[in-house]
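Report on the structure given below.
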Amino acid sequence: MVKPDGVARGLIGGIIQRFERKGLKLVAARFERIPEKRVLEQYREHLEKPFFPSLRHFIESGPCFLMVWEGKNAVSVVRKMIGTTNPAEAEPGTIRGDLALDTGRNVIHASDSPASAAREISLHFSPDEIITYKRTDEPSLYE
C-alpha cells in the first residue's frame with residue numbers, strides 16, 4: 001500500500017515501476033480512502049501501542065493506493081525492496097531509503113509474512129478483483 005504521504009508526493013508510478021522492473025506482477029489495485037473499520041483491522045496488532053492513534057489519523061487523512069503483487073517469494077522480495085520501517089536506517093536503493101525521512105511518513109506498507117498478506121488481501125480485495133494473467137517476460141524471470 002502506498003500511504004497518503006506517498007500518494008501526495010506523486011510516488012505511486014515510481015513505486016509500481018520498481019516492483020514491475022524486479023519482475024513482480026500487479027494483480028489487483030485500488031485507489032481509495034480506507035474506511036475506519038478497515039484501518040482498525042489492517043493495523044489490529046498495533047491497536048494498543050502508543051503510536052497507533054497518530055498512525056490511524058495519518059492513514060485516514062488521505063487516499064492510499066492498495067496493491068496485490070505476485071511473484072516468487074513476493075512477500076520477502078517486497079519487504080527487502082521497501083527497506084526497514086525507520087527510513088533513517090533503511091538501505092540506499094530501498095523505497096524507504098531513497099524516498100522517506102521519517103518513520104511516521106515512510107511512504108509504503110507491505111505485509112510481513114505470507115499469512116499477513118493473505119489476511120490483508122482478503123481485507124481489501126474480493127477474490128474476483130484478483131486478476132490472473134501471464135507476463136510476457138515470465139520465461140526470462142523463472143527457471
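Checking each residue of the stretch 97-115 against the condition of being of a type in the set (S, T, N, Q), touching a helix residue (DSSP H, G or I) at 6+ places or on another chain (Cβ under 6 Å), under 20 Å from GLU45 (Cα atoms) and surrounded by 15 or more Cβ atoms within 10 Å (Cβ to Cβ) gives at least one match.
Can you say whether GLY71 is under 17 Å from LEU11 (Cα atoms), of a type in the set (Gly, Ala, Ser) and either out of contact with any Phe, Trp or Tyr (no Cβ under 9 Å at 6 or more places or on another chain) or surrounded by 12 or more Cβ atoms within 10 Å (Cβ to Cβ) (or both), as far as the supplied structure shows?
Values: under 17 Å from LEU11 (Cα atoms): no; of a type in the set (Gly, Ala, Ser): yes; either out of contact with any Phe, Trp or Tyr (no Cβ under 9 Å at 6 or more places or on another chain) or surrounded by 12 or more Cβ atoms within 10 Å (Cβ to Cβ) (or both): yes.
Spelling it out, it is not the case that GLY71 is under 17 Å from LEU11 (Cα atoms), of a type in the set (Gly, Ala, Ser) and either out of contact with any Phe, Trp or Tyr (no Cβ under 9 Å at 6 or more places or on another chain) or surrounded by 12 or more Cβ atoms within 10 Å (Cβ to Cβ) (or both).
Check whether at least one residue in the stretch 131-141 is within 16 Å of the chain's Cα centre (by Cα), under 21 Å from ILE12 (Cα atoms) and at pLDDT 95 or above, and report yes or no. No, every residue in the stretch 131-141 fails to be within 16 Å of the chain's Cα centre (by Cα), under 21 Å from ILE12 (Cα atoms) and at pLDDT 95 or above.
Set side by side, the residues GLU143, GLU120, GLU89 differ, and just one is part of a loop (DSSP other than H, G, I, E, B) and under 22 Å from PHE52 (Cβ atoms), which is GLU89. Among the criteria (1) crowded, with 19+ Cβ neighbours inside 10 Å; (2) over 21 Å from TYR43 (Cβ atoms); (3) touching a residue at least 40 places away in the same chain (Cβ under 8 Å), the one VAL78 does not fulfil is (2). Within the stretch 95-116, the residues that satisfy the criterion of being closer than 17 Å to VAL68 by Cα and not in a helix (DSSP H, G or I) are VAL107, ILE108, HIS109, ALA110, SER111, ASP112, SER113.
The values are calculated or read from the model by the stated rules, or taken from the named source; none is laboratory data. What you see is a predicted model; the values in this text were computed from it and never measured. A quick note on method: Cβ atoms are made from the backbone with ideal geometry, for glycine too, and the neighbour counts reach across all protein chains shown.
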